[in-house]
Every structure is written in C-alpha cells, then in structure tokens.
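First comes the structure, then the notes that go with it.
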Amino acid sequence: MEKVTDANWEQDVLQASGPVVVDFGATWCGPCKKLDPIMEQLAVEYEGRVKVRKVDVGVSPGVAQRYKVLSVPRVLFFKDGEVREQVNGLIAKDKLVEKFDNLLNG
C-alpha cells in the first residue's frame, strides 16, 4: 500500500486512471493500526483493479483538511477524482470488500 502526501495527491489520486481507495490514519491511532493489515490485504486482493493508498494526517495535513478528515481512521473511495463513498472508524474486512466491489461496479 503506497503512501500519498500533499505533494503527490493530485497526480496519484485525483488524476489516477481507475478507482482509488485512500486510508487516512495516524501513527498514534490504535484503530488505524488495526485497519492497516486489512487495507494491506485488500491492496493485494484488488491489485490491478483498485489502487489502495495511505495518508498520514500528521505528515499531510493539507489533504486531510481538504476532505474534512476530523477523525481517523477514515477511508475515502474515489472514482474519476471524486469521492463516491466514505467510511469512518474501524470497519470489518467484509464490509470493506462490499465497498470496494460497489466502487468497481458503480
């Protein structure tokens, strides 16, 4: 799962060809640490179909502010540079799979 920063956000997420799922988190966030391995698994399972990216809100506060990320973890689902769906807090893998599939089929 690649990291995205304020510097490469535009190119890596908004101008990406195909869907992108972005996990906003922080090193100090307990639930984020529990979500990380799930997102890593999904990045492998959806490789070639969905790009999975990680943003550390402490490192890239600009992107976090732009999308009003006030609490973490928060997962945003992008298609054609627009947020199509979002999830706040720790979420089970099966629910995330459902959201990934919706993004691909929507």
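You will find that of V59, V72, the residue that is part of a loop (DSSP other than H, G, I, E, B), hydrophobic (A, V, I, L, M, F, W, C), over 14 Å from V4 (Cα atoms) and touching a residue at least 40 places away in the same chain (Cβ under 8 Å) is V72 and no other. Scanning the range 75-84 for residues that are outside any loop (DSSP other than H, G, I, E, B) and either more than 23 Å from K33 (Cβ to Cβ) or without any contact (Cβ under 8 Å) to a residue 12 or more places away in the chain (or both) yields a count of 5.
All told, S17 falls short of being in a loop (DSSP other than H, G, I, E, B), surrounded by fewer than 20 Cβ atoms within 10 Å (Cβ to Cβ) and touching a residue at least 12 places away in the same chain (Cβ under 8 Å). Taken as a whole, the condition of being β-branched (V, I, T), at pLDDT 95 or above and in a helix (DSSP H, G or I) applies to V97. Exactly one residue out of V20, V13, V59 is over 25 Å from V97 (Cβ atoms) and either at pLDDT 95 or above or aliphatic (A, V, I, L, M) (or both): that is V59. The requirement of being assigned to a helix (DSSP H, G or I), among the aliphatic types (A, V, I, L, M), within 17 Å of E82 (Cβ to Cβ) and in contact with a strand residue (DSSP E or B) (Cβ under 7 Å, 6 or more places away or on another chain) is not satisfied by V22.
Looking at the range 45-55, can you tell me whether even one residue there is part of a helix (DSSP H, G or I) and within 11 Å of the chain's Cα centre (by Cα)? No, because not a single residue in the range 45-55 is part of a helix (DSSP H, G or I) and within 11 Å of the chain's Cα centre (by Cα).
The values are calculated or read from the model by the stated rules, or taken from the named source; none is laboratory data. Predicted, not measured: the structure shown is a model, and the values here were computed from it. A quick note on method: Cβ atoms are made from the backbone with ideal geometry, for glycine too, and the neighbour counts reach across all protein chains shown.
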